[in-house]
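Below is one structure, written out as structure tokens; the observations come after it.
Any read-out appearing in this document is the output of simple, stated calculations on the displayed coordinates, not a laboratory observation. It should be emphasised that the depicted structure is a prediction, and the values quoted were computed from it without experimental measurement. Every residue, glycine among them, receives a Cβ derived from its backbone with ideal geometry; neighbour counts consider all protein chains shown.
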Amino acid sequence: MTSVFDVIRKPLLTEKNQGLRDKNIQVFEVAAWANKHQIQEAVELLLQAKVKKIRTVNLPLQTKRLGRFVGVSGKRKKPMSNLPKLSKRRATNFRADNLPSSPRITGTRTHS
């Protein structure tokens, strides 16, 4: 079993995503191994609302430098979740104490 917080890492709060929030589209950063079904189930548990549609984008690796050493960032995935009309307070309340006692999602992949 996988936890909600294993799938959803954090909400992405950028200027572009604020415009999407006005249209009831929530944007998160999720684990690269998560599929659409796991993301949908995690978002429904987290926000306690039915998700209409999930769109995912695999973000490209970013080059990082430290002096003369060059590396790349890890794989990232960004889903956009269409939700029904929510109140502003409910849409932005991501605290863990609002979740059920054991927020677990079902799925075929387990991640440790």
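The H on the amide N of residue 9, modeled in the peptide plane, is under 5 Å from the matching H of 29, 30, 31, each at least 5 residues off or on a different chain. With the highest mean first, a sort of the peptides 57-68, 3-14 on other beta-carbon atoms found within 10 angstrom per residue produces 3-14, 57-68.
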